[in-house]
Each structure stands twice: as structure tokens, then as C-alpha cells.
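Notes for the one structure printed next.
The values are calculated or read from the model by the stated rules, or taken from the named source; none is laboratory data. Just so we're clear, the structure is a prediction, and the values are computed from it rather than from any experiment. A quick note on method: Cβ atoms are made from the backbone with ideal geometry, for glycine too, and the neighbour counts reach across all protein chains shown. In case anyone asks, the SASA skips ligands and DNA or RNA and just uses the protein heavy atoms, side chains included. Shrake-Rupley method; radii C 1.70, N 1.55, O 1.52, S 1.80 Å.
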Amino acid sequence: MLDKTFDPAAVEPRLYDLWEKAGAFACHPASPAQPFTIMIPPPNVTGSLHIGHALTMSIQDMLTRWRRMQGRDALWQPGTDHAGIATQMVVERLLASQGQDRRSMGREAFLQHVWEWKAQSGGAITRQLRRLGASLDWPRERFTMDEGLSKAVIQVFVTLHEQGLLYRDRRLVNWDPVFQTAISDLEVESREVKGSLWHLKYPVAGEPGRFLTVATTRPETMLGDVAVAVHPDDERYRDLVGKHLILPLVGRRIPVVADAYSDPEKGTGAVKITPAHDFNDFEVGRRHDLPMPSVLDADARVMVAEIAAALSAVGGDPDFVRALDGVDRFEARKRIVARLQELELVEKIEPHTHQVPHGDRSGVPIEPRLTMQWYVDAKTLAQPAIKAVETGQTAFVPRQWENTFFAWMRDIQPWCVSRQLWWGHQIPAWYAPDGEVFVARSEAEAAEMARAKLGRDVALTRDPDVLDTWFSSALWPFSTLGWPEKTPELAKYYPGSVLVTGFDIIFFWVARMMMMGIHFMGEVPFRHVYIHGLVRDEKGQKMSKSKGNVMDPLELIDAYGADALRFTIAALTGPGRDVKLGRKRVEDHRGFVTKIWNAARFLEMNGIAADLGFEPAKATSPLARWVLDAGNRAVAECTAALEAYRFDEYAAAAYRFTWGTYCDWFIEFAKPVLNGPDGPEKAEVKGAAGHVFGTILRLLHPAMPFVTEELWHRFGYGAEGSLIRTAWPDAVAVQDAEAARAELDWVVALIGEVRGARAEMNVPPSVTVPLLLQGASGTTLARAAAWIDAIRRLARATEVKPLDGAAPKGVAQVVVGEATVMLPLADVIDLAAERARLAKARGTAEGEAKKIRAKLGNADFVARAPEEVVEENRERLAAAEAEMARLDAALARIAG
RNA sequence: GGGCGCUUAGCUCAGCGGUAGAGCGCCUGUCUUACACACAGGAUGUCGGCGGUUCGAUCCCGUCAGCGCCCA
């Protein structure tokens, strides 16, 4: 016996264990089945399951389970990412709480700590994914820093270097002063900051009393100014171009240069140029061959060393500047502004709101800094990736995201891949004492190269930096399959079928996998990229800890079960839309899980179970044929929706069929049969009920794996835990489905009309009345007779018979097809209300007729619209007019 | 500033050339022997504004407005 309610907490862990132990999630490289591959976007090893994971993983699991049921050899590749900065941050914080820090313990010891931490806490997210029901092939789980993947990283680094696609360069980088590392453009986010625009007066050399005013948002960098730029066409400053200014405080002579970078509309039209601390200034500096002294160090503190030689007491204040050495950038700003004010060199200070680049992890303003870093030639690698999307070798769903991809890829900058961190893949480059670099697969190989090159053994030092986390993530689609070895897995599961991820990760990850995949595998890494939205709260706000609107998927699973959460996600995941998730929505969908459970209890009470001998094609009763046919349509709808990545439509189609058709109508129609005598009809209805319920369980399994799997074995459809491996349903043959549909449609219409009339007349369900048919055809009378039990029950009727003689007094009347149905309700009926009801129905029919008449009266419509559309309108008009006539007759009948 | 998306019932959203829909909420009734996490019924819309194309526009095109996101 099934319990009164479904208890997810008891069922979910048991079934998941069963699946996992039985190897139900495993792919089979040796099988001839067509592969279906999804690479998990590896969550951070530090992470725990948040609602965004629940969205993306539910989608991936739905696809995987569905394709697996379709007979594909499904591989959903699990794994986690070492997440360089994020993980190092977590462990550093942990150490700090114990009064330790990484620098004093040294690299080896620190890394030891990280690995220990990973061993202890790193498995959290994989345990949580199991709670969601994710059918990942766990024995194949990989980690971006495990041995195989590290080998792949080195192979790629060395190869790209050999090919000239990876190189060292001294350029400005985004420097994060908190983490003390370079970060890529993508790890920088602009934030609006309310600051000031300082107007500083720079004296013109040799012209006492004359100044050129520059406007700047960063006065502290003036120590590193090497020029002032004005627009070549700017009349105001034309005579100053070529002349020199005296840089205040420093005393250095700096030129006024003409450069189109300077915008005459902005500020004063004259900009100070600090090439070592601003990306635009860097370009100006290059164009004009200017020196590039750095005046801020790795901690973003003032560093005087590189300008020390330029300090001059003439026009400057060397003591003041020297005293700034080691002062934090923001403190230095205050002091410099104050000093300039004393010197009356500040013309004005305007409030100014502007975009300031911040490190996305540290949250502090990044500092552009001139350093030596490793770069990947993204421009070259991007070209084939762009082409692959242009030619459709990889297609985005929804399509519009291709624009985002193209926009980024066509304007891609060199990718800075070195990070001044300890946790990550250490760069395989070794330096000789003279600085010569040897990129190699191992220290021994580097030593070999050095010997060959230099003719002697030299002491080599390995580059201390590690690679950007996304460098190894970019290789994920093939490194997880054993590359660079030629494994059977690599041959079978590359390229992947679909990549599922959020739009925020297109640049970070999708673009880079495309580049690396194509370059090293000669083939795109996936055929489709399904981009889903973000999970937001009910009001559409982003979830954040500070807003306090974060939803915890595990808590939701505890409260409502994984099936309810997953189905909710499916139902809300439309194309190109964010998912607005509220607790209430999950609660509502738990109602659907319960509904299925209760339908199952009904079947159980009526002795209905899997009838493996039932043959749909041999069904003779209209009810069986009708429900089998409706099931066929549900299967077609669900399949089409999943093929189109329309998870909302899949959920809606399954829901509609299960609740609206199977439960609301089929079960109700079946009740009289099931309560009646045993016989062939009853046996057939039981068979169909069991058959279609099995279809429902299969259709819903991808979205609601647990409740469906539980019911599957409880009803004997298969062994416990076997639904996951059961074939996805197909259409079954049904004889004369058309006729069955027409018949049942009529019964449904009759019951609906009678119910409506009764409800509007406020007739209590306890009052039952006969239904008198007027003007009914033979077919209708036959149908009424055949369905008398269901009509009695669902329309609260005592009997259905043709009207004999005149209409009794006090009838409610409804029109169903060609017949008028009368409900003798003399005792309860309110004639005025009944008249109003009929008049309203007539009004509706008349409005309809009027609209169609106008259309058909339009000669252009009749002449130009397709024949079938015109014909259809004629039919509709006839039907509406016939209904009006019947309603008129009904009104006339109660008039007197 | 450039680009993308959105605007349909009170709310969340489908529909995207030929009869305006769903779920929730709301209102009314019901313990009808699977289910009150239920059943039955009902009300609610100038489909953002203005033009255009078309026999016909919620749907296509243009434009304006508001909202959101991404990139500068």
C-alpha cells in the first residue's frame, strides 16, 4: 500500500544510492549507441550548491535523463574546478583566523594546507548535487588540478608557446592590490563611484604666470605624469603644443603633446598622461615614445624610486615627494591635493560620478600596472571559433546570444594568463640566471634546452606564477576525456552534444573552450550552447546575501522535495528569460507531485498496475482509445519541447496531460466502469489506465526522477531503480482515435455545460435532476445512453432522456451541439437569473456571429484569404447562428 | 555612447499573421468513496503609445515611451 502522502526525504536518498551503486549513471564507451555528452560546468571546489546551480544542473540532468531514456549512451561528466583566487582566498582566511599567513609559512606549506582543506571540505558540492538527483557519471569525476588535467595544461601551454601563440610581454595589466596579482579584463567590473574632478594647474615652462589646467580623477598619479595631451584641433591650446610644463611637486619638465585621445569636450580638454597607471595614457605614451615611470607599487602605495632622478627643487618639492614613499594611494591623494592647494595650483574641484574598475573578487579599485606577464594570442585563436559559430558548427540557443559571442570575439584582447598566486597550475617556464626563458614539460626538459642553447649547465628557476583558472577550464571538454592520450572516451564523447550555462560565462568559459577545443582537437567542443537566465527572486531582483533574499536549494529540497524544486525550475525556464523563483512556486508544484501520488493511490485501490500484456492497438472501448490517443499527443508534445530546449513547454504539456486529462477526466470516466461488473471493458480500461500511467511516469522522469522511479517499481513496471534506463515513450497505435475523440469531446462538453448552468443557478450538488434532450440526433442519444453513468456522476443527473412533449415549467437550458439540454429545476430556479444567463450566452454567440459576418461581408477577404480560412469562417458563422436560434428558442420557452 | 532584451488578466508568464491563453491570486459553491497539497464554477484584458504593410496585426516593419541587462 502506498502511504497517504509521498515522503521525499525517505525515498530520495534510497533511490539515488540505488542508481549510483547500480551504475545507472555510467556511460559505456564500448557500446554502439550514439553518444550524448554534457560536460558539467565544473563548480568551484570551494563552493556549495546555490540556487543558480540548481537551475543549470536540473536542466542538464533533464537532458541527460531524457536522452539516456531515448537510448543514447549518455555521459554527463562531473568534476570541480580548483578556482585559483577563490580557493586561495578561502584558505588564507581560514589560516588568518588561526593567526597564520601564507607568506610566513611559504609556498610548499601553504599548498599543503590547501590540499588538506580540499580533501576535507571539497566534496560538499558533489554531495549536494546528489541530493538534487543529478545523474552524473561519478566514477569519472575530475578535478582541474588532478594529474591528468595538469598534464593537459602543460601540453597546451608548451604547444601554444612553440606555436608563438603564447608569449611574455611587458604591458599594463589590471592589478589587484589586495590579491597582489594580475587579473584579466573579465575579472574587472566597472562600478559607479562618486568622486571628484580635480582641476590642476601645471605651470608653463619659461612663461611665469601662465598655466595649463588639466582635469583628473586621479591626482595621486600626477607624480608619474610624463606629458599633457591636448586635441590637435583644439584652438585653445594650439600654441602650447611642443612647449613644456613644469610638473608640480616633482619639478620634471614634461611636453604638451597633440593627441586625438584628448576630448575637448571633457574637463578642460587637456589631460595629464601617466602611461604606467592608465590604459589610455599607456597608448598615448607609446604613440609619443614617452617614458613610463611607475609611481605605485604592488600594494598600490606610492613608490618614488622610478622618479627619484627627476625630482627637482626648481619648480618641485623633492622632500614632500620623498615623504610620500610607501603611503597608500588614497592617503597620498589627500596629501597631494592639500599640498597643491597650498601652492594655489588647484583651480577647482567638481563633484564627479564616474566608472571605476574594481576587482570582482577583492572589490577594491584595480590599479593598472606595468608588469611582465604571460599572454595568449586570443585574436588568432578566436578566428576559427568565430567561423565555427558563423557556419553553425556550434549553435547557441537562444540564437541571439551569438551576437554577444561575436561582439566579444571580434574585439578580443590578448589574454593575460599568469597570476601571482600560489594555488593553481604553476607555469612551466624556467629562467636561466641571465633571464633567458625555457618553456618545457618538465624541469629536466628545460635543463636540456638550456644546455643545448647555452652549452653548459645553469641553475634554473621556475616561474613562480600560476595560470588563470580559466586556462584549465578552457580544456575541460577534452582534458577530462584523457587528452593528450588518445582514449576511447575522447574518440567517442568529443565533441559534446550541448553545453548548458548562463550568459555571464560566455566570455570566461564558452569562448575559451571554443578556441582551445578547435585549436587542439580540430573540432568544436560542443554542438549546441544552451544559455539560460539567472535565478532571481519573485520580484525579479538578483539574489544576494545583503538583500537577504537568497534561497537555499537544499532547504527547498528539505521542505518540498527535489522533484518539486526541479519541476518548478523546468516550468519557469523559458527561452531568454530569467527564472523568477519564489518559495510559493515550489510549494505549488509540490502539489503536482502529490497529485501524481494520489492518482497512483487511486490506481492501487482499484487493482490497476502495470499490465505488460496490454495491447493498445487492440483496445475497443472509446474511453481506452481516447486516453491512449491523448497520451500519444502528450508524448509528441513533450518530446518536441525537449528537442527545442523548451523546458517550460515540456513541463506544461506533461502537467496538462497528467492533471487536466488523465486525472480530471479519464479517472472520473473510468470510475463507473471500475465500480461496475468485471468483464472485457473493465479489463481494458484497467489496462489502458495502467499503460498510460506508465507513460506519464516515463514522461515526467527527467523532471521528477524520484517520485516517478518510486512509483515505477511499486506498480510493477520494472525492477526498483529501473525507470532511469527505461525507454522514452513513443506513440502507440490506436484504432479509430478520431471517433473516440469526437465522442468524448461531446461528453465533456455536455458535462461542462450542465455544470456551468447548475453553478450559476446555485444548485447544490446534492440536488440531482434529469437531463431532457430536445432536438438531439440519434448519435447524440446513443452517446448519452452509452455514457449515462459518467453523466450521472459528473453532471449530477438522475437520467438523460429525450424531451417528451412540451418543456416542463421552470427549466434551465443549455445548448450542446445540435441539442438543447433542459434541467427541470422548478423548485430552485430563479427565472430572471436564468433569462439573464441565456441572454448572456446569446450575446456571446451574437458577438461572434457579427464579427464573422463583417469579415465575410468584406469582398477583399473572400477574394484574397485562403479558401480554407474563408470556409472555416462560414462554418463558424453557421454554428454561431444555429446556437443563437436555439438560445432564442430557449428564451421563448421560459418567457411565458 | 554602442548593443541586446522586455512591455499580453491583480501577479508570473505562454502565444507571434486568421475564434486572446495557462498557473497563481481573487469571488462562489462542495468533506462527490485518489487527492482540501482537492473538486466544480465564475469574473478580470483599448495584447505600452502612434504610424505603416496586409483582405486581416497581440504577432511583421518603423517610431516614441518606460523597464532591465551587457559592453564602453
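The residues of segment A:558-613 that are among the hydrophobic types (A, V, I, L, M, F, W, C), in contact with a His (Cβ under 9 Å, 6 or more places away or on another chain) and within 30 Å of A:Asn675 (Cβ to Cβ) amount to a single one, A:Ala610.
Among the residues making up segment A:824-849, those that are charged (D, E, K, R) and within 12 Å of RNA strand B (Cβ to nearest atom) are A:Arg837, A:Lys840, A:Glu848.
I'd like the residue in segment A:527-550 that is without any contact (Cβ under 8 Å) to a residue 24 or more places away in the chain and within 15 Å of RNA strand B (Cβ to nearest atom) and, out of all such residues, is surrounded by the most Cβ atoms within 10 Å (Cβ to Cβ).
Across segment A:527-550, the extreme among qualifying residues is A:Asn549.
Among strands (runs of 3 or more DSSP E) lying entirely in segment A:204-258, which contain 1 or more residues that are touching an Asp or Glu at 6+ places or on another chain (Cβ under 7 Å) and either under 25 Å from A:Ala332 (Cβ atoms) or among the aliphatic types (A, V, I, L, M) (or both)? Steps first, please.
Values: elements: A:211-216, A:227-230, A:244-246, A:253-258.
Fully inside segment A:204-258 and qualifying: A:211-216, A:227-230, A:253-258.
Looking at A:Ala880, is it closer than 30 Å to A:Ala790 by Cα and either within 13 Å of RNA strand B (Cβ to nearest atom) or modelled with pLDDT under 85 (or both)?
yes
Checking each residue in segment A:668-694 for being in a helix (DSSP H, G or I), within 16 Å of RNA strand B (Cβ to nearest atom) and open to solvent by 10 Å² or more (accessible area, probe 1.4 Å) picks out A:Glu668, A:Lys671, A:Pro672, A:Val673, A:Leu674, A:Asn675, A:Lys682, A:Lys686. Of the residues making up segment A:182-192, those that are modelled with pLDDT of 80 or more and either within 19 Å of A:Arg218 (Cβ to Cβ) or assigned to a loop (DSSP other than H, G, I, E, B) (or both) number 5.
Inside segment A:332-348, residues that are touching a His at 6+ places or on another chain (Cβ under 6 Å) and at pLDDT 85 or above make up a count of 1.
Can you tell me which residue within segment A:161-215, out of those that are in contact with a His (Cβ under 7 Å, 6 or more places away or on another chain) and more than 24 Å from A:Trp509 (Cα to Cα), is farthest from RNA strand B (Cβ to nearest atom)? So the residue we want is A:Ala205. The single condition from (1) at pLDDT 90 or above; (2) crowded, with 17+ Cβ neighbours inside 10 Å that A:Arg168 fails is (2).
Kindly indicate whether A:Gly721 is in contact (Cβ under 8 Å) with a residue 12 or more places away in the chain and within 18 Å of A:Ile596 (Cβ to Cβ). No: the conditions fail for A:Gly721.
Taken over segment A:762-808, the residue count meeting the criterion of being assigned to a loop (DSSP other than H, G, I, E, B) and either within 16 Å of RNA strand B (Cβ to nearest atom) or in contact with a helix residue (DSSP H, G or I) (Cβ under 6 Å, 6 or more places away or on another chain) (or both) is 11. Within segment A:583-597, being near RNA strand B (Cβ under 6 Å from one of its atoms), of a type outside the set (Val, Ile, Thr) and either open to solvent by less than 60 Å² (accessible area, probe 1.4 Å) or within 18 Å of A:Lys4 (Cα to Cα) (or both) holds for A:Arg590, A:Gly591, A:Lys595. Only strands (runs of 3 or more DSSP E) whose full extent lies in segment A:364-451 are considered here, and none of them has at least 1 residues that are open to solvent by 40 Å² or more (accessible area, probe 1.4 Å) and within 16 Å of RNA strand B (Cβ to nearest atom). For segment A:148-190, filtering for residues that are under 31 Å from the mean Cα position of the chain (by Cα) and either of a type in the set (S, T, N, Q) or within 30 Å of A:Leu345 (Cβ to Cβ) (or both) leaves 6.
Mind counting the residues in segment A:551-582 that are in contact (Cβ under 8 Å) with a residue 60 or more places away in the chain, closer than 21 Å to A:Asp504 by Cα and surrounded by 15 or more Cβ atoms within 10 Å (Cβ to Cβ)? Matching residues across segment A:551-582 total 10.
Could you please find all residues in segment A:717-760 being within 16 Å of RNA strand B (Cβ to nearest atom) and open to solvent by 20 Å² or more (accessible area, probe 1.4 Å)?
Taking segment A:717-760 first, the residues within 16 Å of RNA strand B (Cβ to nearest atom) are A:741-742, A:744-760.
Correct list: A:Arg741, A:Ala742, A:Asp745, A:Trp746, A:Val748, A:Ala749, A:Gly752, A:Glu753, A:Arg755, A:Gly756, A:Ala759, A:Glu760.
Annotation note: Cβ proximity below 6 Å between a residue of segment A:756-772 that is closer than 17 Å to A:Val800 by Cβ and a residue that is basic (Lys, Arg) and near RNA strand B (Cβ under 9 Å from one of its atoms) (sequence gap 6+ or interchain) occurs for A:Thr768/A:Arg796. Among the conditions (1) outside any loop (DSSP other than H, G, I, E, B); (2) within 14 Å of RNA strand B (Cβ to nearest atom); (3) open to solvent by 70 Å² or more (accessible area, probe 1.4 Å), A:Ala600 misses just one, which is (3). Look at (1) open to solvent by less than 10 Å² (accessible area, probe 1.4 Å); (2) in contact with a helix residue (DSSP H, G or I) (Cβ under 6 Å, 6 or more places away or on another chain); (3) at pLDDT 85 or above and you find that A:Arg252 fails only one, number (1).
Kindly indicate which of A:Ser473, A:Ser497 is touching a helix residue (DSSP H, G or I) at 6+ places or on another chain (Cβ under 6 Å) and not aliphatic (A, V, I, L, M). It would help to see each step written out before you state the result.
Working: A:Ser497 fails: touching a helix residue (DSSP H, G or I) at 6+ places or on another chain (Cβ under 6 Å).
Only one candidate passes the filter, namely A:Ser473.
Quick one: count up the residues across segment A:850-877 that are near RNA strand B (Cβ under 8 Å from one of its atoms) and open to solvent by 60 Å² or more (accessible area, probe 1.4 Å). Qualifying residue count, segment A:850-877: 9.
Every condition in (1) at pLDDT below 95; (2) among the hydroxyl-bearing types (Ser, Thr, Tyr); (3) over 19 Å from A:Leu149 (Cα atoms) holds for A:Thr64 except the one numbered (1). Selection of helices (runs of 4 or more DSSP H) fully inside segment A:1-106 by the criterion of at least 3 residues being open to solvent by less than 60 Å² (accessible area, probe 1.4 Å) and more than 16 Å from RNA strand B (Cβ to nearest atom) returns A:8-22, A:51-69, A:84-97.
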